[in-house]
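Worksheet for the structure shown next.
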Amino acid sequence: MTITGIDSTGQPAGGNVLPPRQVTEAEDLDAELIALETDVAPTAPVKVVPDVEAAPEQGREPAKRWWRRRPDWRDVLATVTFIVVALYLTLPLWLNLDHQLRDDPQDQAFFEWMLAHGARVLTDGAYPFFSDRMNYPDGVNMMANTSVLAVSLPMTPVTLLFGPHVAFNVFLTLALALTGISWYFVLSRQFVSSRLAAWVGALFCTFAPSMVSHAGGHPNIVSQFLVPLIIWRTLRLRDSTRYVRNGLIMAGLLIWQAFINLEILFMTAVGLGVFCLIMAISRRKTHPGEARGFVRGLVVAGTVTLAVLAYPLSVQFFGPQSYHGLPHFVRNFGADLASFTAYSSHSVAGNAMVAERLAQNPAEENAFFGWGLVILFVGLLVWMRRSAAVLALGAVAVLFAAMSLGPRIFLNGINTGIPGIWAILHSVPVLNSAVPTRWAMAIAPVIGILLALGVQRAIDLVRAQPAARGPVRVAMVTAVAMALVPLAPEQLKIAPMAPTPDFVTSGAWKQYVDDNHTVVTLPLPDSSYPDPLRWTAITGQDMRIAGAYALLPNQNPLDPSDKTALFSPPWRPTSGLMASIRQGNPIPEINDIRREMTLADLRYWKAGVVVLTPQVRDSEMLRAMTGLLNAQPTWTGNAWVWDVRHLVDDPNAVLTGPDIS
């Protein structure tokens, strides 16, 4: 939409601009955020012209809907930009297929497993919302574990042809590229008329420090290509003449996003709810029927969405292996107050030591906007303060910042003792499944929209007042460059990946495992050793494993009511022993009592084979398991292998041997 300034005499400002005509309700809706009182020049009232660049001539056919308009060279260039930057960030993964993400390898292995699960749903007809391919026999609740079915299902051909490891690279790269493209087209067609303004805003929304941080292991979180569409369609709900159609479209987007990442959907809903509430109050007199149409469309969207998601959500919250709230230590994750003005370790101006002090880990650097952007953000709010929409966006950003601080406010790594608003919210159902520091990540889209609006206003000011062209351009370019250049992202860091043993790739494991037996690895998979997830993913999940790296309910015998999540299955004697040895602790005395516990664990897991690959402290684990089973392993396919089927299948079998210290 073109924003046309009118000077004090009532004539069009800025040169060859046709006189504005009366704006219809539909055209006002097309303007979306701009129509929500965005000002163009300090002294100029605003008129919204429905064409993208200029008002249509009299008698000219109405402009086509924005998604049917033929893109010009600027749209092509912007699209290529997002693809190129996404490829630049992920290039180390593409050039080194035997490597993995350095900062969050466990989540990469987890999502490779999820991609294999999606392929298995289509090829084998597997149940999509639960799986026993890991953590046997208890299994994993897929709805409670970010199963990304909306991505894994359509990516099945890639997973089957190239394997889950390559499919993960495709997933991550496309997530970033499509998010940028989506933001650009929504901003350029709905919120601003300038392609440059839309490009600047979309660039930040896509490659903000928090997005690059999560790209290091969370492709589900950076898959935000539906977020701008949800924002756009939420604002379209104001059209009371098409509330059914708009509600159905909105429901489709919500359902789609629910099967990518519910956390992003929830944050988007909260932000839109606050924004729309503020705008409804500010526009209640000038647009008296607007709220009625919005509510109608929202009821349609909510009804359809809940009807479709009722069963999956019931599985998530009440189904097998469901949990109630994240671990307590995760609920205390908060953004350090100093992190808002610091620079991320993933930015060119960042300092890894500073970021390490201010964030829980490299994948959760959710604020880190830097002084330049904070100052620019405040300046934009002041400059465009007469716009209720801009002030509403600022309120959403401040709210998200306050929520991200967690239950206790930290400053430069020091607990100030001052409670944050999350101290009240962190135990509320649903909210107790959110990571508080990630609310800071939700600020990035707000800033991106403000950047687009700010650049648009500067461009319109130049058009309206040619004499100020030079100073305004210099000020705009300088301010944006000082804020954004230090935040330019660096490529993702990678590290060598342990090779999958030939025992797995050759299919040698099949002679030990069937519908009644599983593979038990040493140690069992957890956040520090996720490799077995990748093994079973490579086999198309034909290989079932004990143990898991996933969110699973706590089974505390001292408190049966405690069903908060753990990142691994509840402790068992054998898994705990091997994890302890791998962490560097000495081998305890191996006696018949420990052997009895090991045999009970193997029977619980229905183990067919125990596998140990070369790794840290492998000789100690080899010695311990040999003592527990009182049997020597076989070196097969670059792995030590113990066949334990005779012990598991025979209820009379016992393990005995000399005590070993």
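The values are calculated or read from the model by the stated rules, or taken from the named source; none is laboratory data. Just so we're clear, the structure is a prediction, and the values are computed from it rather than from any experiment. No Cβ is skipped: glycine too gets one built from the backbone with ideal geometry, and neighbour counts run over all protein chains shown.
With respect to the conditions (1) more than 21 Å from the chain's Cα centre (by Cα); (2) outside any loop (DSSP other than H, G, I, E, B), ALA126 lacks only one, and its number is (2).
Would you confirm, using the coordinates I've provided, whether ALA355 is outside any loop (DSSP other than H, G, I, E, B), under 17 Å from SER210 (Cβ atoms), of a type in the set (A, V, I, L, M, F, W, C) and not assigned by TED's automatic domain parsing to the domain that holds PHE567? So ALA355 fits the description; yes.
Filtering TYR323, TYR311 for residues that are of a type in the set (Phe, Trp, Tyr) and surrounded by 20 or more Cβ atoms within 10 Å (Cβ to Cβ) leaves a single hit, TYR323. Of all the numbered requirements in (1) modelled with pLDDT under 95; (2) surrounded by 13 or more Cβ atoms within 10 Å (Cβ to Cβ); (3) under 27 Å from ILE449 (Cβ atoms), ASP103 misses one, and that requirement is (3).
In the stretch 210-227, the count of residues that are among the hydrophobic types (A, V, I, L, M, F, W, C), part of a helix (DSSP H, G or I), over 13 Å from the mean Cα position of the chain (by Cα) and in the same structural domain as LEU262 (by TED's automatic domain parsing) is zero.
Please verify whether the stretch 398-413 includes one or more residues that are assigned by TED's automatic domain parsing to the domain that holds LEU277, in contact with a helix residue (DSSP H, G or I) (Cβ under 9 Å, 6 or more places away or on another chain), among the basic types (Lys, Arg) and closer than 26 Å to LEU487 by Cα. No, the stretch 398-413 has no match at all.
Annotation: of all residues in the stretch 476-511 being assigned to a helix (DSSP H, G or I), over 16 Å from VAL374 (Cβ atoms) and of a type in the set (A, V, I, L, M), the one that is farthest from the chain's Cα centre (by Cα) is ALA508.
Residues considered: PRO419, PRO436. Of these, the only one that is assigned by TED's automatic domain parsing to the domain that holds PRO209, crowded, with 22+ Cβ neighbours inside 10 Å and at pLDDT 90 or above is PRO436.
Out of all the residues in the stretch 180-190, is one or more assigned to a loop (DSSP other than H, G, I, E, B) and over 13 Å from THR79 (Cα atoms)? No: zero hits. Residues that are among the basic types (Lys, Arg) and not in a loop (DSSP other than H, G, I, E, B) were ranked within the stretch 266-311; the one that is modelled with the lowest pLDDT is ARG292.
Residue pairs whose Cβ atoms lie under 7 Å apart, separated by 6 or more positions or on different chains, with the first residue in the stretch 360-372 and on the phi < 0 side of the Ramachandran plot and the second acidic (Asp, Glu), are PRO362/ASP103; ALA363/ASP103; ALA363/ASP104.
Residues that are farther than 22 Å from ALA175 by Cβ and outside any loop (DSSP other than H, G, I, E, B) were ranked within the stretch 61-100; the one that is modelled with the lowest pLDDT is TRP66. For LEU115, state whether it is in contact with a Ser or Thr (Cβ under 7 Å, 6 or more places away or on another chain) and in a helix (DSSP H, G or I). Answer is yes for this residue.
Considering ARG617, ARG582, which residue is surrounded by 14 or more Cβ atoms within 10 Å (Cβ to Cβ) and either out of contact with any strand residue (DSSP E or B) (no Cβ under 8 Å at 6 or more places or on another chain) or under 14 Å from VAL520 (Cβ atoms) (or both)?
Exactly one residue qualifies, and that residue is ARG617.
Only a single item in (1) outside any helix (DSSP H, G or I); (2) under 23 Å from PHE503 (Cα atoms); (3) without any contact (Cβ under 8 Å) to a residue 60 or more places away in the chain is not met by TRP571, and it is number (2).
Evaluated against (1) touching a residue at least 60 places away in the same chain (Cβ under 8 Å); (2) closer than 23 Å to TRP256 by Cα, ALA310 falls short on exactly one condition, (1).
Say whether the condition of being touching a Phe, Trp or Tyr at 6+ places or on another chain (Cβ under 8 Å), closer than 23 Å to PRO320 by Cα and surrounded by 15 or more Cβ atoms within 10 Å (Cβ to Cβ) is met by at least one residue in the stretch 568-577. Yes, some residue in the stretch 568-577 is touching a Phe, Trp or Tyr at 6+ places or on another chain (Cβ under 8 Å), closer than 23 Å to PRO320 by Cα and surrounded by 15 or more Cβ atoms within 10 Å (Cβ to Cβ). The listed residues are ALA624, ALA600, and the only one of them that is assigned to a helix (DSSP H, G or I), buried (at least 21 other Cβ atoms within 10 Å of the Cβ), modelled with pLDDT of 95 or more and assigned by TED's automatic domain parsing to the domain that holds SER528 turns out to be ALA624. If you filter the stretch 463-492 down to residues that are out of contact with any Phe, Trp or Tyr (no Cβ under 9 Å at 6 or more places or on another chain), at pLDDT 95 or above and surrounded by fewer than 15 Cβ atoms within 10 Å (Cβ to Cβ), you find that the one that is nearest to TYR88 (Cα to Cα) is GLU490.
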